[in-house]
Amino acid sequence: MAPRAGQPGLWGPLLPGLLLVAAALSRPAAPCPFQCYCFGSPKLLLSCASGAELRQPPRDVPPDARNLTIVGANLTVLRAAAFAGGDADGEEAATVGVRLPLLTALRLTHNNIEVVEDGAFDGLPSLAALDLSHNPLRTLGGGAFRGLPALRSLQLNHALDRGGPALLDALDAALAPLAELHLLGLAGNSLSRLPPAALRLPRLEQLDAHLNALAGLSPDELRALERHGDLPGPRLLLANNPLRCGCAARPLLAWLRNATERVPDARRLRCAAPRALLDRPLLDLDEARLRCANGDPDGRGEDVDTAGPELEASYVFFGLVLALIGLIFLMVLYLNRRGIQRWMRNLREACRDQMEGYHYRYEQDADPRRAPATAAAPAGSRATSPGSGL
């Protein structure tokens, strides 16, 4: 029944109360952190590029953030639970909760990060992509990546070349629990070997190790790259590494030829040693070219004389060319033998005439009758003839 005119409606008394309840239950929109830029729903993105004054991750990140980017700050040290309310002075908060349950991507490049403590990313259960590239890491906790069950991509490009062997050992321990990792970036880190834990990750699909200091891969590393069952082996990027093409590179060459599709940049792999094979594509070499000297027990190809079939063939070809030139010269001499004999005869006669001329002039000069007149008499004397009578 419709309300009569002049009487309040049925919802009239209830409307203010409903509005108060709705206001109490509704959560106000979280503000954007200071010096950050927020891009709206449904997947909230934050970008913080605040410069050197930002020394720790912002505390007031909205809980519905999906993508957080911090670039160009001076974080230096990532403490335990740095993104879940950890203490800024290094002590973990007593009740560390999950402040960012929906965060799936975290980019922390170019932030001068030197230390990543154990549990630095605790409280990020949905994190799938983490990028720590271009940071001068010196210390990495063995449990730095614990509590990241959903992590699929980890980028550490240009971040490990200052830590030395101790950092590589810590990295090996930190990678071990990442059973769901699919992509691992280790480019530009001057690595002389690959972390063993990285090769054993069961679901790894791609390992980027280009632009390092790898001299090759050992048979144990190649076996670790193989997977049992239906799991495919990971793709491996190896370009711009100083490969040593000695006898120790034969297993790698055989593996590349059997699994070229697993190394997308296989055609870019080139030898850095020995000098005879400098800058030669590895896939273009025969195993016979990969030799080792007697004093090279490691088989790294240190200054080995690797004069292979191509070089020997060039020597043979050069000898044949010289023989052909000599044969042509002899044929020219034979065909012009009469002319050469006539030229030699004319030359001999010309030489004889020249020598006869010299001989004739010598005889004329030696004749005493053609000697020059005697010197003039001394002053005061007179020359007289026999018949003058004077």
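Rounded, prolate or oblate: which one fits the range 145-273, using the alpha carbon gyration tensor with axes a ≥ b ≥ c (rounded when a/c is under 1.5, else prolate when a/b beats b/c, else oblate)? Display every interim value, and only then the final one.
Numbers: a/c = 1.89, a/b = 1.27, b/c = 1.49.
Oblate.
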The range 182-243 -> Rg/Rh from Cα coords, Kirkwood Rh, value 0.95
With a/c under 1.5 counting as rounded, go ahead and sort the range 109-156 into rounded, prolate or oblate using the C-alpha gyration tensor (a ≥ b ≥ c being the square roots of the eigenvalues; past the cut-off, prolate if a/b is larger than b/c, else oblate). oblate
Sorting LEU201, SER190, LEU156 by the position of each Cα along the dipole of the range 148-261 (Lys, Arg +1; Asp, Glu -1; all at Cβ), the one nearest the positive end of that ordering is SER190
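About the Cα centre of the range 179-269, what is the dipole size in debye to 20, counting +1 per Lys and Arg Cβ and -1 per Asp and Glu Cβ, all else neutral? All intermediate terms of the calculation are to be shown ahead of the outcome.
On the way: 12 positive and 9 negative charges, 63 e Å.
My answer is approximately 300 debye.
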Measuring from label point to label point, each 7 Å out along Cα→Cβ, what is the ARG275 to ASN112 span in nm? 4.5
Using a Förster radius of 41 Å, what is the FRET efficiency between SER218 and ASP60 based on their Cβ-Cβ separation? Nearest 0.05, please. 0.25
Gain in length, PHE317 to HIS359, computed as 0.36 nm per residue apart minus the alpha-carbon separation, to one decimal in nm? 9.6 nm
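Could you tell me the convex hull volume per residue, in Å³, taken over the Cα atoms of the range 87-219? If you can, show how the numbers build up before the last one.
Numbers: hull volume 13.7 nm³, N = 133.
Roughly 103 Å³ of hull volume per residue.
Readers should treat all values here as calculations from the given coordinates under stated rules, not as data from a laboratory. Note that the coordinates shown come from a computational prediction; the quantities given were computed from them, not determined experimentally. FYI the Cβ positions are ideal-geometry reconstructions off the backbone, even for glycines, and counts take in every protein chain you see.
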